[in-house]
Amino acid sequence: MLLNFQNSEDTLKLSTTSSRYLISSIIKNFPYTVATCSPLADIPEPDDIELEDEVKELLLDLLIEQTKIDILEQDGSDDDMDEVLDVIIQEWSLMCQEREGIKGGERVWRLGCEVISLCDLSTEERANLIALTSGLERLRLLRSILKIKIGETKITAGSGWDLQVSESGDVPKQALSLNVGQKVEYYWNEEYEWQPATVVNKIGPVGGEVLFDLKFDSDGEVHRCGFGFEDRGRWRPV
């Protein structure tokens, strides 16, 4: 979508997917939007190539897993799957090569935008991620989101725990009763499977789920995980 912005005496036609602007006032809305605005850029930060590479690999993994599901749902053959996956990997490799000459901040911004566009996120989640001015913090949050979504695509029937659901808000009763300090096991993905963790923060219920910050025993990292109706098979109390 293209929007027109009024900046000083110049009207700039800008793509909302490549730039951000702080709008101070709306001049008019018809027949197109004109506003007074100023550019919004990420703060300067040192490169974190390891984080960038991890996010890129996770995004590729998610695309591959989603493609596998799509092909299986369409009764595609193994040859169909191999052909499509080869194309995805080739295009991904080409895209990564093209980014090698882009400076750090711009490269991080583009990677974040790509992950946001390819993940099934709510409008509020997208807005909150785009509003961040730390590119590395955005990637760290997206890393957590990607790990969760990859795990969701790999969960098989019966691998979780059959939780009862409360009558209000479709929030599992076990999630409502879970408190800070308690231990749980969380199904991360097919490789790591069930991982023990400790609840260090609880938010909600909000929007049909309770949000928990889990500190995982394996590496000490803290990740925010939603425990709602759709997540009822991904965790179990210890």
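Brief remarks on what is shown
- Three-way shape label, segment 49-154, alpha-carbon gyration tensor, a/c 1.5: oblate
- Local net charge near I116, Cβ-Cβ under 9 Å (Lys/Arg +1, Asp/Glu -1): 0
- With a cut-off of 11 Å between beta carbons, the residues surrounding R99 carry a summed charge of -1, where Lys and Arg count +1 and Asp and Glu -1.
- Nearby lysines by direct alpha-carbon distance to K173 (threshold 27 angstrom, same-chain neighbours under 8 apart not counted): K147, K149, K154, K183, K202, K215
- Approximate spin-label separation L176-D53, in nm, with each point projected 7 Å along Cα-to-Cβ: 4.7
We did not get these values from a lab; they are worked out from the coordinates using the rules stated. Only a predicted model underlies this, so the values are computations on that prediction, with no experimental measurement involved. Positions of Cβ are backbone-derived with ideal geometry, glycine not excepted, and every protein chain shown enters the neighbour counts.
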